[in-house]
1. When the residues of segment B:42-58 are filtered to those that are within 12 Å of another protein chain (Cβ to nearest Cβ) and assigned to a loop (DSSP other than H, G, I, E, B), which remaining residue is nearest to ligand 1 (Cβ to nearest atom)?
2. Looking at segment B:161-187 only, could you name the residues that are under 26 Å from B:LEU6 (Cβ atoms) and within 16 Å of ligand 1 (Cβ to nearest atom)?
3. Filter segment B:32-54 for residues that are within 19 Å of B:GLU228 (Cβ to Cβ) and β-branched (Val, Ile, Thr); which is farthest from ligand 2 (Cβ to nearest atom)?
4. What's the number of the only condition in (1) closer than 30 Å to A:HIS152 by Cα; (2) touching a His at 6+ places or on another chain (Cβ under 6 Å) that A:LEU267 fails to meet?
5. List every residue pair whose Cβ atoms lie under 6 Å apart, where the two residues are 6 or more positions apart in sequence or sit on different chains, the first residue falls within segment B:168-192 and is within 13 Å of chain A (Cβ to nearest Cβ), and the second residue, located anywhere, is aromatic (Phe, Trp, Tyr) and within 16 Å of ligand 1 (Cβ to nearest atom).
6. Can we say B:SER61 is over 13 Å from the mean Cα position of the chain (by Cα), surrounded by fewer than 16 Cβ atoms within 10 Å (Cβ to Cβ) and either in a strand (DSSP E or B) or within 16 Å of ligand 1 (Cβ to nearest atom) (or both)?
7. How many residues does segment A:236-270 contain that are exposed (fewer than 15 other Cβ atoms within 10 Å of the Cβ) and among the polar types (S, T, N, Q)?
8. Considering only residues that are among the polar types (S, T, N, Q) and surrounded by 15 or more Cβ atoms within 10 Å (Cβ to Cβ), which ones fall in segment A:2-28?
Amino acid sequence: MIRFLLRGILRDKQRSLLPVVIVIIGVMLTVFLFCWLRGILNDSIELNARFNAGHVKIMTAAYAKNVDQIPNDLALIGVDTLLTKLKKEFPDMKWGQRIHFGGLIDAPDSKGETRAQGPAVGFGIDMLSGDHSEIERFNLEKSLRRGRLPVHSREILMSEEFSRKLKVNPGDTVTLIGSTMNGSMAMSNYTVSGTIVFGTGPMDQGSVIVDLKDVRNALDMDNAAGEIVGYLKDNYYDEEKIGQVVARFNRLFPVSNDEYAPVIITLRQQNSLGDMIDEIKGIGAFAVFIFVLSMSLVLWNAGLLGGLRRYPEFGIRLAIGEDYSHIYKTMIYESILIGLIGSFIGTSIGLLISLYMQKHGLDLSSMLKNATILMPAVFHTQITSAAFFIGFIPGLLSTVIGTMLSGIGIYKRKTAQLFKELEA
Amino acid sequence: MENSTLITIEALKKHFLTMSGRFTALNGIDLTIGKAEFTGVVGPSGSGKTTLLNIIGSLDSPSEGRAVVLGQSISDLNVKQAALLRRSRLGFIFQSYNLLPVYTVFENVEFPLLLLRFDDSQRRRMVMDSLEWLGLTDKAKSKPAQLSGGECQRVAIARAMVKKPEIVLADEPTANLDAANSHHILKTMVQLNKEFNTTFIFATHDDKVIGYLRRKISLIDGKVAKDEFTNN
Ligand SMILES: Nc1ncnc2c1ncn2[C@@H]1O[C@H](COP(=O)(O)OP(=O)(O)OP(=O)(O)O)[C@@H](O)[C@H]1O
Ligand SMILES: [Mg+2]
């Protein structure tokens, strides 16, 4: 009997292929949208993490309090030993030290007189030690617009916009005027090695990037760093894992009254990123909910119509002596089968597309040129474990419920009534 | 031959609720129908022929009175019991054939046997027998869409007959057929009736069918107006 019914499904394309295709499309879209929203959320987080917040950031308690003012006089000192300890205690993390600084960039003319000047936000990151992690985090190679990355000490990268404003080209010399850790004025000369465009508004305006060692020399910050950023090795911000890192850190470095003692701050706790995460998550969940709901309605309807279309067949089967509950059951099994096959294929296709976009990304930078928030210009999807299941809500549940409801109709109608429809 | 009673109908009434109130389609029918009859319910359109056949076939139930079919009172059957009665002891033939379009002739005829849980080899033998009675052996693998109307109706008869039911109910079986095909299937049914003692009950106003009947029950406005045996 089951074989008999299966044969029927397979031969009737309206009953097999069509609903399966509808389910596949619906499920595929659901899975893809879900992954995409997760990806946007993730990219936004990662972007902030890479340039600024880290997954965690370690600073002195005092620096942390005034982080907006970049108070380098409150920077961490004895960083080498601290880093060694961190690397040993947290084998799952990657660490990088950074010095943020503010200052003026002065572009001199041929006689050494100031030709142009502008305020700069500086990043001192490791570019010359041979470890490429920071270069990768800042995506420097791909962001390079003109010139090259620094390969010698005393070379500086400027944002393209800033270099144009000061009419400075790669090869030119500029002077950085800042203040040392102790508060005295510091002046140091650099050769512009190249210009960069990050593709995110705020970073593209007045930033300069200098090798960490040069900054240390210039600002008298030997063995000091404003902040140590830490990243989970797989590069995904995972709140649970980060929670463990924080707990362990706090055990190793108990909170004290010492203003200069290191404290750890998570990505969530910085720049109201936590709110942003929650907000995006909320919007994402809502969008997915709406979508799943509408897909559910579509598939529910498809199940309903599929059932209604078959009233004549049910009439014949009833007349021949099959009973209601048996017909109803076979109808449900059928829809489960179709829902399962469709959801399975749809989820697979959705995941494949998402996987492709997770790897390669979709570049919308030209459309997002004027964005001023730190938002990614290349969209990636992110596949989470939920993506494997979410499609089954509309794909299986709705299809089956739709069929169930249409099937109730055959109970409600009198047998003879089904025949009236049949003879019509 | 026509002595043991299969169907007893007493004071049967059937009302339908319609927009304009209660409509009485059958208005006090008394009948008995015996084994191996070849009987027709005839009468003008709307006289209640289909309604009566549906009740005998347990597709519908009486509003008042009794209809006892093969020892079972139709009003007392629940849906499962009614399905069992149809499945095991009744066969249906409809005006519009009502074959399942995705299945072959063989499979259409096989379907009632699947419901009765006959095993593979039994099914095959019974289906092939039935197709042979109807002269359809070479059409076993065809789909209904590839058959003529006459052939479709023969498949429907094969499907009704395959389990050798005690009663076959045929509602306007010739209405969609030309004269030649009508005579062909009627002759076949007369033969099956003789060979297996199957009771045939028709609902019809087709003179060709009436010509073959051995008993003619005339309905007018839901009442039996005449009940006559003929010399066929
Ligand atoms: N479900 C129903 N609801 C309301 N009225 C019905 C219903 N079924 C049948 N009737 C009415 O009962 C009467 C008898 O119908 P029935 O189908 O039995 O007639 P019939 O003799 O078979 O007619 P025909 O020769 O046209 O097939 C008709 O007037 C019909 O409109
Ligand atoms: Mg009728």
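The values are calculated or read from the model by the stated rules, or taken from the named source; none is laboratory data. Worth saying up front: this structure is predicted, and the values here are computed from it rather than measured. A quick note on method: Cβ atoms are made from the backbone with ideal geometry, for glycine too, and the neighbour counts reach across all protein chains shown.
1. Of everything passing the filter in segment B:42-58, B:GLY57 is nearest to ligand 1 (Cβ to nearest atom).
2. Listed by number, the residues that qualify are B:LEU169, B:ALA170, B:ASP171, B:GLU172, B:PRO173, B:THR174, B:ALA175.
3. B:THR32
4. So the condition that A:LEU267 fails would be (1).
5. B:LEU169/B:PHE92; B:ALA170/B:PHE202; B:ASP171/B:PHE94
6. no
7. Going through segment A:236-270 one residue at a time, the tally reaches 4.
8. Matches in segment A:2-28: A:SER16 only.
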